[in-house]
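Here's the structure we're looking at; comments come further down.
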Amino acid sequence: MKHSVTMRSVAEKAGVHVSTVSLCLRDHPSIPASTRQRIQGLAQKMGYRPNAMVSTLMASLHTRRTSSESPILSLILEEGQSNLYVNVPFYRNLLDGARKRAAQLGYLLEDTPLKMEEKAAAALHRRLHNRNVRGVIVAPLFSPGGECPLPFEGFASCALGHSLHKPDLHRVVSNYAQAMRMAWDKFLEKGYRRPGFIHPLRTMERLRYDMLGTFLARQIFHPECAAIPPLLFQTETEQHSEERARGLSQWFKLHRPDVLVSAPHVLLPLLKILGGQIRVPEDAGVILINGEPGWARVQDGAELIGSGAVDLVVAQIHRNETGIPPFPKTVSINASWGEGTTLPDRR
């Protein structure tokens, strides 16, 4: 019977200490990259496989230690966007969910603002490494391009949402396609046949068109409904609110939708500016994406998304996985439905 290959046998073959093999197999940045690649290649050639029972035991011991040591995870926040992280309920709940889950697992999740420049990112990488930070979570980004220049070598990592486009990390996201399908199912059930979708185009780009694509696909597969073109604003800033309100008024008069699907921070300020020109629900029903109670709404599980990101990072730590993953995973969290007075039955 062929003997199992252990770390010790790999160390003897490589002429290094067994602790060096352990660090190399964990891809630890304290060992030069060339040495890590050599040892990893040798271990693979020799047929080394980690012992599942030992890995489970070490993960258990690590979890017990964390309750007293409180190891650190870093929450990467785009510098200059603190008002959005604090004032927009979805983002606030998202980050709160991550912090609560980290605390439950014995970790300290520290807010880490990052200026999205390579020099600042390299300096931050050194600081995090010197503090023995094990994992990083990238909060939603708002700058065009969706790129985070932080080097991820040596860290377990995960992104919150779709906005990070480069590098491609593991991520936990809202299932926006399922949320839009749910909105369609609800207004069809209640007799609405002229749906209108309102959103900034830039947001749809950040969400990789999941919501917009599902809305347009439903138009194709529901010929009984009017194919009203979505109203996609080119800008998101408050300075253009008056212009956007005029655009909404013109679009509404032209297409006469009987139900509007939008986010509260997009639609509600415009309805207020129009001052009763579009009455809800008399002129059109409304379904909000992440709305307040009282409104008909599809509600993202923001806290569950934040919690799931921490679970992904901690699982990587237990498996000694670091760096940019070759095959990133995406975990989607489904939305739930909230009844409200803004979608009365019209059958």
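Can you give the FRET efficiency to the nearest 0.05 for residue 87 and residue 273, using r as the Cβ-Cβ distance and R₀ = 30 Å?
That gives a FRET efficiency of 0.90.
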Checklist line | Local electrostatic count, residue 29, Cβ distance below 15 Å [Lys/Arg +1, Asp/Glu -1] | finding: +3
Notebook entry, point to check: Once you sort the root eigenvalues of the Cα gyration tensor of segment 176-300 as a ≥ b ≥ c, which label holds: rounded (a/c under 1.5), prolate (a/b larger than b/c) or oblate (the other case)?
Noted result: rounded
Check: Between segment 164-178 and segment 86-161, what is the C-alpha centre distance in whole Å?
Finding: 15 Å
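Let me have the relative contact order for the chain, percent, based on Cα pairs under 8 Å that are six or more residues apart. Don't jump to the answer; show the numbers that get you there.
Numbers: 601 pairs, mean separation 71.5, N = 347.
Across the chain, relative contact order equals 21 percent.
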Item checked: Qualifying lysines (Cα of each under 26 Å from Cα of residue 119; at least 8 residues distant if same chain) -> 166
Checklist line | Principal-axis tilt of helix 33-46 within the chain, Cα atoms, nearest 10 degrees | finding: 80 degrees
Check: Among [x] 154; [y] 122; [z] 166, which is the computed volume of the Cα convex hull per residue in Å³?
Finding: [z]
Notebook entry, point to check: Relative to the longest principal Cα axis of the chain, at what angle does helix 210-221 sit, 0 to 90 degrees, rounded to 10?
Noted result: 50 degrees
Notebook entry, point to check: To the nearest 10 degrees, how steeply does helix 302-318 sit against the main Cα axis of the chain, on a 0 to 90 scale?
Noted result: 10 degrees
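Can you pick out the pairs among 13/45; 45/329; 190/272 whose Cα atoms lie more than 18 Å from each other?
Numbers: 13/45 11 Å; 45/329 27 Å; 190/272 26 Å.
Check vs 18 Å cut-off fails for 45/329; 190/272.
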Item checked: Choice from 161, 145, 275 with maximal GNM fluctuation in the chain (Cα, 10 Å cutoff) -> 275
Next item on the list: Evaluate the relative contact order of segment 168-238 (contact order divided by residue number), counting alpha-carbon pairs under 8 angstrom at least 6 apart; express in whole percent.
Entry: 42 percent
Next item on the list: Under a 10 Å cutoff between Cα atoms, tell me which one of 204, 116, 46 has the largest fluctuation in the Gaussian network model of the chain.
Entry: 46
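Coordinate-derived values only; no laboratory data. The shown structure was predicted, so the numbers you read here are calculated from the model rather than taken from an experiment. Here Cβ is always computed from backbone atoms with ideal geometry, including for glycine, and neighbour counts include all displayed protein chains.
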